[in-house]
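Heads up: the structure comes next, in structure tokens.
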Amino acid sequence: MINAKSKIRYHYEQACKIAENEVIRMARDILRKHKNLDEFIMAMGGWFFTEHGDVKHDKLCYMKHLDDFITEWDEFLKITGSPMRFTASGKVRRDWR
């Protein structure tokens, strides 16, 4: 019999995966629509886009839905602790040392 802890862990991990996939979907959408942006990077509690190799710290109005999503769920699911880096159509890289 599966105990309550195992069930909670399973559902938490599923929620984390769903949230990560939603961040990827929203960020790729932004990258496709705003050709001035090169890539999306997220790790260690933060996220940003790059533009011509420079970090774009501004959270512009077209990033609001992504910012709102991360703000709402990061406290619970620790989304920004999951390292990822990608372009509009490139592979999601999780280790870029």
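Mind checking which lysines have their Cα closer than 29 Å to the Cα of residue 5? Skip sequence neighbours fewer than 8 apart in that chain.
In chain and number order, the partners are 17, 78.
Could you state the principal axis extents of the C-alpha atoms in the chain, from the largest down, to the nearest angstrom?
54, 29, 21
With θ set to phi - 60°, apply the Karplus curve 6.51 cos²θ - 1.76 cosθ + 1.60 along the stretch 73-79 and write out the HN-Hα couplings as whole Hz, x wherever there is a Gly or Pro.
9, 4, 4, 8, 9, 6, 4
With θ taken as phi - 60° and the coefficients 6.51, -1.76 and 1.60, list the Karplus ³J(HN,Hα) couplings across the stretch 87-97 in order, rounded to whole Hz; mark glycine and proline as x.
Each residue's phi maps through the Karplus curve to give 9, 4, 10, x, 5, 6, 9, 10, 9, 10, 5 Hz.
Taking one equal scatterer on every alpha-carbon of the stretch 56-97, how large is log10 of I(q)/I(0) by Debye at q = 0.16, 0.23, 0.25 1/Å?
-0.55, -1.00, -1.06
Let me spell out the model: positive unit charges on the Cβ of Lys and Arg, negative unit charges on the Cβ of Asp and Glu, origin at the Cα centre of the chain. What dipole size does that give, in debye rounded to 20?
Here the size comes out at about 440 debye.
Express in nm, to one decimal, how much length is gained between residue 18 and residue 55 on full extension, taking 0.36 nm for each residue of separation and deducting their alpha carbon distance.
Difference between extended and current length: 10.7 nm.
Output wanted: per-residue J couplings in Hz (rounded whole) for the stretch 19-32, from phi through Karplus 6.51 cos²θ - 1.76 cosθ + 1.60, θ = phi - 60°, x for Gly and Pro.
Computed from phi, the couplings for the stretch 19-32 are 5, 4, 5, 5, 4, 4, 4, 5, 5, 5, 4, 5, 4, 5 Hz.
Students often forget the sequence filter, so: which lysines lie under 19 Å Cα-Cα from residue 56 once same-chain residues fewer than 8 apart are removed?
Within the straight-line limit of under 19 Å, residue 56 reaches these lysines: 33, 35, 64.
Every number in this text was worked out from the coordinates using simple rules, so none of it is lab data. Quantities reported herein were computed from a predicted structural model and do not represent experimental measurements. Cβ: placed from backbone, ideal geometry, glycine included. Neighbour counts: every protein chain shown.
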